[in-house]
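Derivation of every value follows stated rules applied to the coordinates shown; laboratory data play no part. Since the structure is predicted, the reported quantities are computational estimates derived from the model, not experimental observations. All Cβ positions, glycine included, derive from the backbone under ideal geometry; neighbour counts span all protein chains shown.
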Ligand SMILES: Cc1cc2nc3c(=O)[nH]c(=O)nc-3n(C[C@H](O)[C@H](O)[C@H](O)COP(=O)(O)OP(=O)(O)OC[C@H]3O[C@@H](n4cnc5c(N)ncnc54)[C@H](O)[C@@H]3O)c2cc1C
């Protein structure tokens, strides 16, 4: 099966390729590397700003927000070209993909100018404060509290509580923080969203290591003790945070499967099968990659027709993240003891890309688990598919 695009989409692709050929900086400037998902090296800040200024950062956005009102198919080919060249769209992916996108959907004009535009231009970076020790899959159980008050300093909230898994928080300037503003309301109805600057008194960020090694510091615990947040930092309606949460993750979900398709395609290049068993598994990798692209293409064309099918996105997320995990596990096994060597390169250095996609096989495998947890675990996706795609009854708990 050969999937092709209409001439206008291909013309859009050609225009973007011409931009990349003309503006992509020299590789020599990329020596400084990112060390967390909110740490954007200086060269990458300049490059993200160049994409913003030319309307190529998030092409689906309007021009004043770094885009050109591109259709979903045009956004797809944009991503495709970035992926082929292993160019990271932003070294603050949650800032670009979730926080700026949420502010553009739910924020006031003032909030868009104050936070969304600087995030998009890579002048500031942002982290996402949703999960807590007792609230991950069941986000609505979150307990970090924000109590409204007024004094001589004006209307404000006082925030107390703890977040966890807050990627990049130790390098971020702001955290989009989900808080409980009405403890008496049903749990989905008492949540609000605040932009909290990380330099506010009472905010403490504690980075902690991941499975990949003691020097891999991206996750954080974030503690809030009597943090005073101006009322103007409230994003969306008071107690309307559940709608923002669904919107925020919705932004993340729409093209999330594409990252798995990109990583699977990179594996096709990086994994060298040797034994007959490796070759068999390599064939599975190739088939999974084509299957994901084909399923994703169906979802894309539905979306291009204005049809929303959130449950179909769960199929793509589940399949993409698990197919990737299987494939990278096969590559690790095929490499034998050498696959455990760390640090080691499994792909050529990608100057404009994430270092994580060329590191040791062990690290690539270990990182694949994040994909089956973040953005909704595999079990949660299976639950959605069971109920909304297969029409099975709700599980009894
Ligand atoms: C790489 C990575 C980056 C992350 N970045 C961020 C971030 O920047 N900001 C942020 O706020 N959070 C972040 N997270 C946290 C992530 O959102 C949570 O880990 C995720 O929502 C799961 O929550 P939990 O870890 O509390 O697990 P739990 O929800 O406690 O789940 C534990 C286990 O129980 C299963 N389970 C739970 N509920 C059900 C159910 N209803 N049916 C069946 N099984 C169930 C789960 O599938 C899982 O296996 C990140 C996580 C990872 C891995």
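Model label points for residue 140 and residue 214, set 7 angstrom from Cα along the Cα-to-Cβ axis, are 4.3 nm apart. Using the Cβ-Cβ distance between residue 199 and residue 373 with R0 set to 25 Å, the FRET efficiency from 1/(1 + (r/R0)^6) comes to roughly 0.25.
Before rounding to the nearest 500, sum -39500 (n - 2.57) across all DSSP H runs of length at least 4 in the chain and divide by the residue total; then give [θ] at 222 nm in deg cm²/dmol.
It comes out at -12500 deg cm²/dmol, rounded to the nearest 500.
Quick check: the angle from helix 241-254's long axis to the longest principal axis of the chain, C-alpha only, nearest 10 degrees? Taking the Cα atoms of the chain, the angle to 241-254 is about 10 degrees. Label positions at residue 155 and residue 389, each projected 7 Å from the Cα along the C-beta direction, are separated by 4.4 nm.
By its C-alpha gyration tensor, with a ≥ b ≥ c as the square roots of the eigenvalues, how is the stretch 7-91 shaped: rounded for a/c under 1.5, else prolate for a/b larger than b/c, else oblate? Taking the square roots of the gyration eigenvalues as a ≥ b ≥ c, the stretch 7-91 is prolate.
Which of rounded, prolate or oblate describes the stretch 254-389 when judged by the alpha-carbon gyration tensor and an a/c cut-off of 1.5? It is prolate, given that a/c is not under 1.5 and a/b is the larger ratio. Using C-alpha pairs under 8 Å with a sequence gap of at least 6, the mean separation divided by the residue count of the stretch 1-125 gives a relative contact order of 25 percent.
From Cα pairs below 8 angstrom and at least 6 apart in sequence, can you work out the relative contact order of the stretch 4-77, rounded to a whole percent?
22 percent
Taking all Cα pairs closer than 8 Å and separated by 6 or more residues, the relative contact order of the chain comes to 13 percent.
Going by a ≥ b ≥ c, the root eigenvalues of the Cα gyration tensor, does the stretch 126-239 fall in the rounded group (a/c under 1.5), the prolate group (a/b larger than b/c) or the oblate group? Oblate, because a/c is 1.5 or more while a/b does not exceed b/c.
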